[in-house]
Amino acid sequence: MPLKKSSLAFSLALSLLCASLIIGTIYATMIWATNQSDLSAVHRQDRLVELVVSKSKDAVAHDQESATVWDDAVRKVAQHDKEWIDANLGRWMHSYFGHNGAFVVAPDGQLIYGFSDDESDELKAYRGVSDAATKLVESLRRRLAEGDTTGTDDHTLSIGEADIVRINGRPAILSIKPIVSDSGQLSLGSDTQYIHIALRYLDGDFADAMGREYLLTDMRFEWHREDDPGRRYLPVTSKSGDVIGFFSWAPFTPGRAALRATEPALMVGGVIILVGTAGLVLALQRRSRRLKESQGRLMHLAHHDALSGLPNRASFDAIVARTLARSEGAVLFLDLDRFKKVNDTLGHAIGDQLIREVAARLKTTAGSGVTVARIGGDEFTILVAPCTPTAIEMLAEKLISAIRQPFTIEGQPIVIGLSIGVAFSAGAADTLDVLRRADIALYQAKAAGRNRYAIFGSQMDEMIKSRRELEYDLRSALKSRDQIEVHYQPIFSAADGGLIGVEALTRWRHPTKGFVQPDVFIGIAEEAGIIGQLGELVLATALAAASRWPALSLAVNASALELRDPGYALRVTSALERASFNPARLEIEITESTVLENEQACQRNIDSLRRLGVRFALDDFGTGFSSFGRLQQVAVDRIKIDRCFVSGSPDLSNNEAIVQAIIHLAHAQGMKTTAEGIETDEQRAWLRELGCDELQGYLLSRPVKSGDIDELYRNDSEQRQTGSS
Ligand code: C2E
Ligand code: MG
Ligand code: MG
């Protein structure tokens, strides 16, 4: 059973969704982790820049002290020695520490020295810084006057003021230091001290150097913060807290960098996972589909007949139980006529093929909505539900005529027949009872002559019951031996009408039912497996009686089942011996089908008895379906032309051709012929004319008791004697 496409697509989509969710979650986690690490990295960079700026302020002050805390400097500024100042407090600081400007202011506020790396005129250069510087200078002088030494230590030798300010349109560190004695020998009052001013711009090379040194990409100073997520802005504030501007750089984001580096691998991994998941799902689906298919196959094998592909008995029974629980219906039991013969004579391969073709024909004839099953070798069953009796009768007829059409298998035309038993569920106790009824009806159809159908009726149950009773009674009759009688029907010569033999015909005197005809109880004896005993009893009785009629031949009937028994010949031989009966006087009547079955045991029985002198006759000849051709292979001594050719058919002219052919054929083979069932003088005359050898029938005599034959025999002997004398 193929898996539904939609369910496959659904599971595939579901699995891919799950895989995508997992990948998505992993990716989101990674993004979160990178963001976290980037955030802390950026914070660290902020702190770094902050530190660098504040350290730079200290550094400028520290640089200044290398020259401002010096006795020489105190002396030289007081002398206004510009050359010295330029060399030690001005240009030197520029070339050595990279300061952008240096100024020296006298105690009266006069500029005595000025240097700027972008303005050669010292007054102009000082004008740029003077505003910012004046405030710092005033504050420093105040502290000097107060003797405030806050911030000084071993490292910082003099107090100072510094701030970040805007100078000439540029951000800058402005640091103010007093020029003081390093030895302490030149002590100056606060109002006589010279002041040194250092200027360090924070943009330009400062920002470049900071970027280079601390690996901050594209570091620059900006006056305003831009709305650029790719850049970091750190405010640069003056002492009073005013934001001067911003240091800005492209922050190093290690997380994002790592993510960017791993993204392709991640994507490839994701695709691999998705493809892998899809592949896995498809493979699993395929596996489960195969599993389902093989389970389906196993189920099919368990519930179907391998040869025909039809449901088997178990599954038919289940279907019947299921279906009939819901609605009324009919069960048909079908049995092929003559199938066994096809199997035996043409081989099992052809038999199997025939079964397949029969199955196909039954199915097409039954049509859809009808269950056809094979429950045994040549047994089929059909369930129709719901249904009407008329429809079922029509179906049964259609089935019979369909199977009667010749089959052609491997070029071989094969003709078989079909018997059908029908049972309706209405009125049955349960489903088992329906099946049982159909079986009984089939039995009836077969007993009624095959190639027909029978519908179960309550009388059939009665029949079955009485059959069972009869079987029981027959067994006890055989034990007691006094209910089984043998009557004898005389057989006369067609030529002179003389008595030449008798046929022993068994009769059962039932204690309550009266005489039971052999047509009824022979079949029961066969089915019950007691036909051998019956035959023996009849033979012994007949041999004993016929011993009184030494001039007559004795014919006894034997069933096919007896002939098939390997011990049959021996039993007959010992019966002959016990009765001291001449084997040549005994003729055993068998039917066509017995010999045509071609059983080896049967053939051996015939052969050994014939060697002993016992003769064989083919009884009821013409009613079977054997061809005249095959008859030639059968070794018998007599053919008994069936009653139906003599009295049964009104169309004598057609029968004449057949009877004539039988007689010719028999004579050609060296066989004699007996005509059965002569009831009229015309029939007797007609058969005489056709050349039949012996005659038997009610016209001449009914089967009679042995005492009557005694009398007939005596009369016949007397007649012969008078005739001959
Ligand atoms: P069958 O061997 O063909 O025997 C001839 C049957 O035809 C006998 O019936 C006989 O009564 C009947 N019959 C004879 N002449 C006429 C006639 O002119 N008109 C009509 N309508 N019937 C005639 P019966 O005795 O009822 O036997 C029936 C069959 O039972 C026999 O057919 C034979 O096949 C079988 N049978 C009888 N006795 C035995 C037996 O001891 N063993 C076996 N295996 N079969 C037996
Ligand atoms: Mg007979
Ligand atoms: Mg007969």
**OP:** Would you please name the residue that is farthest from ligand 3 (Cβ to nearest atom), looking only at residues in segment 546-568 that are aliphatic (A, V, I, L, M), over 16 Å from Ile709 (Cα atoms) and surrounded by fewer than 21 Cβ atoms within 10 Å (Cβ to Cβ)?
**Re:** Leu561
Original post:
For segment 477-502, which residues satisfy the criterion of being assigned to a strand (DSSP E or B) and more than 16 Å from ligand 2 (Cβ to nearest atom)?
Top reply: Ile484, Glu485, Ser493, Leu499
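Kindly establish whether Leu505 is outside any helix (DSSP H, G or I) and closer than 21 Å to Asp710 by Cβ. Walk me through it before giving the result.
On the way: outside any helix (DSSP H, G or I): yes; closer than 21 Å to Asp710 by Cβ: yes.
Spelling it out, Leu505 is indeed outside any helix (DSSP H, G or I) and closer than 21 Å to Asp710 by Cβ.
Give Ala448, Ala454 a once-over and let me know the one that is exposed (fewer than 13 other Cβ atoms within 10 Å of the Cβ), under 50 Å from the mean Cα position of the chain (by Cα) and either within 16 Å of ligand 2 (Cβ to nearest atom) or of a type outside the set (Asp, Glu) (or both).
Details: Ala454 fails: exposed (fewer than 13 other Cβ atoms within 10 Å of the Cβ).
Going through Ala448, Ala454 in turn, just one is exposed (fewer than 13 other Cβ atoms within 10 Å of the Cβ), under 50 Å from the mean Cα position of the chain (by Cα) and either within 16 Å of ligand 2 (Cβ to nearest atom) or of a type outside the set (Asp, Glu) (or both): Ala448.
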Original post:
Name the residues in segment 264-279 that are of a type outside the set (A, V, I, L, M, F, W, C) and surrounded by 13 or more Cβ atoms within 10 Å (Cβ to Cβ), would you?
Top reply: Gly269, Gly270, Thr277
Original post:
Could you list, in sequence order, the residues of segment 143-186 that are touching a residue at least 24 places away in the same chain (Cβ under 8 Å) and of a type in the set (Val, Ile, Thr)?
Top reply: Thr156, Ile164, Val165, Ile167, Ile173, Ile176, Ile179, Val180
Subject >> Single unsatisfied condition, Tyr113 versus (1) in contact with a strand residue (DSSP E or B) (Cβ under 9 Å, 6 or more places away or on another chain); (2) of a type outside the set (Gly, Ala, Ser); (3) under 25 Å from Gln185 (Cα atoms); (4) not in a strand (DSSP E or B) >> reply: (4)
Subject >> Of all residues making up segment 534-590, the number that are within 16 Å of ligand 1 (Cβ to nearest atom) and among the charged types (D, E, K, R) >> reply: 7
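Could you list, in sequence order, all residues of segment 607-625 that are within 16 Å of ligand 2 (Cβ to nearest atom) and modelled with pLDDT of 70 or more? It would help to see each step written out before you state the result.
So in segment 607-625, the residues within 16 Å of ligand 2 (Cβ to nearest atom) come out as 614-624.
Passing the criteria: Val614, Arg615, Phe616, Ala617, Leu618, Asp619, Asp620, Phe621, Gly622.
Where residues in segment 569-580 are in a helix (DSSP H, G or I) and of a type in the set (S, T, N, Q), which of them is surrounded by the fewest Cβ atoms within 10 Å (Cβ to Cβ)? Working first, answer last.
We begin by selecting, within segment 569-580, every residue in a helix (DSSP H, G or I); these are 569-578.
Imposing the further condition that a residue be of a type in the set (S, T, N, Q) reduces the set to 573-574.
Details: Thr573: 15, Ser574: 11.
Taking the candidates together, the pick is Ser574.
A quick yes/no check of all residues on (1) of a type in the set (Ser, Thr, Tyr); (2) buried (at least 18 other Cβ atoms within 10 Å of the Cβ); (3) closer than 17 Å to Lys177 by Cβ:
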residue	(1), (2), (3)
Thr25	yes, no, no
Val49	no, yes, no
Val69	no, yes, yes
Ala73	no, yes, yes
Lys76	no, yes, yes
Original post:
All but one of (1) surrounded by 15 or more Cβ atoms within 10 Å (Cβ to Cβ); (2) part of a strand (DSSP E or B) hold for Leu474; which doesn't?
Top reply: (2)
**OP:** Would you be able to say whether some residue in segment 264-276 is of a type outside the set (S, T, N, Q), in contact (Cβ under 8 Å) with a residue 60 or more places away in the chain and touching a Ser or Thr at 6+ places or on another chain (Cβ under 8 Å)?
**Re:** yes
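Is it the case that segment 534-556 has a residue that's in a helix (DSSP H, G or I), under 17 Å from Leu505 (Cα atoms) and of a type in the set (Val, Ile, Thr)?
Yes, segment 534-556 has at least one match.
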**OP:** Specify the residue that is surrounded by the fewest Cβ atoms within 10 Å (Cβ to Cβ); the eligible residues are those in segment 318-338 that are in contact with a helix residue (DSSP H, G or I) (Cβ under 7 Å, 6 or more places away or on another chain) and not in a strand (DSSP E or B).
**Re:** Ala321
**OP:** Would you check if there is a residue in segment 343-358 being touching a residue at least 60 places away in the same chain (Cβ under 8 Å), under 26 Å from the mean Cα position of the chain (by Cα) and buried (at least 19 other Cβ atoms within 10 Å of the Cβ)?
**Re:** no
**OP:** Tell me which of these Asp218 doesn't satisfy, since it passes every other one: (1) surrounded by 16 or more Cβ atoms within 10 Å (Cβ to Cβ); (2) at pLDDT 90 or above; (3) of a type in the set (Asp, Glu).
**Re:** (1)
**OP:** Give the number of residues within segment 489-510 that are away from ligand 3 (no atom under 16 Å from the Cβ), among the aliphatic types (A, V, I, L, M) and modelled with pLDDT of 95 or more.
**Re:** 3
Subject >> Every residue from segment 204-235 that is in contact with a Leu (Cβ under 8 Å, 6 or more places away or on another chain) and among the hydroxyl-bearing types (Ser, Thr, Tyr) >> reply: Tyr214
Original post:
Tally time: how many residues in segment 683-707 are away from ligand 3 (no atom under 16 Å from the Cβ), out of contact with any helix residue (DSSP H, G or I) (no Cβ under 9 Å at 6 or more places or on another chain) and either closer than 30 Å to Ala666 by Cα or without any contact (Cβ under 8 Å) to a residue 12 or more places away in the chain (or both)?
Top reply: 5
**OP:** Return a yes/no flag: does segment 194-217 have any residue that is closer than 30 Å to Trp70 by Cβ, β-branched (Val, Ile, Thr) and in contact with a strand residue (DSSP E or B) (Cβ under 6 Å, 6 or more places away or on another chain).
**Re:** yes
Original post:
Using beta carbons and a limit of 6 Å, which pairs, at least six apart or on different chains, have the first residue in segment 610-626 and among the small types (Gly, Ala, Ser) and the second one at pLDDT below 90 and more than 15 Å from ligand 1 (Cβ to nearest atom)?
Top reply: Ser626/Leu596
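State whether the residues of segment 187-200 include one that is in a loop (DSSP other than H, G, I, E, B), in contact (Cβ under 8 Å) with a residue 60 or more places away in the chain and out of contact with any Ser or Thr (no Cβ under 8 Å at 6 or more places or on another chain). Spell out how you get there, then give the answer.
So the first thing to find is which residues in segment 187-200 are in a loop (DSSP other than H, G, I, E, B), and the list is 187-189, 193-194.
Next cut, in contact (Cβ under 8 Å) with a residue 60 or more places away in the chain only: 188, 193-194.
Checking which are out of contact with any Ser or Thr (no Cβ under 8 Å at 6 or more places or on another chain) leaves us with 193-194.
Yes.
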Original post:
So which residues in segment 395-413 are modelled with pLDDT of 95 or more and either of a type in the set (Phe, Trp, Tyr) or loosely packed, with under 13 Cβ neighbours inside 10 Å (or both)?
Top reply: none
Subject >> Qualifying residues in segment 487-533 (those that are of a type in the set (S, T, N, Q) and within 18 Å of Arg467 (Cα to Cα)) - the one nearest to ligand 1 (Cβ to nearest atom) >> reply: Gln517
Original post:
Has segment 521-532 got any residue that is loosely packed, with under 14 Cβ neighbours inside 10 Å and within 16 Å of ligand 3 (Cβ to nearest atom)?
Top reply: no
**OP:** Among the candidates Ser701, Ser724, Ser706, single out the residue that is modelled with pLDDT of 95 or more and away from ligand 2 (no atom under 16 Å from the Cβ).
**Re:** Ser706
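Taking segment 234-260, which residues are small (Gly, Ala, Ser) and touching a Gly at 6+ places or on another chain (Cβ under 9 Å)?
Just the residues of segment 234-260 that are small (Gly, Ala, Ser), to begin with: 238, 240-241, 245, 248, 250, 255, 257-258.
The answer is Ala250, and nothing else.
The values are calculated or read from the model by the stated rules, or taken from the named source; none is laboratory data. Predicted, not measured: the structure shown is a model, and the values here were computed from it. Using ideal geometry, Cβ is built from the backbone for each residue, glycine included, and neighbour counts are taken over all protein chains shown.
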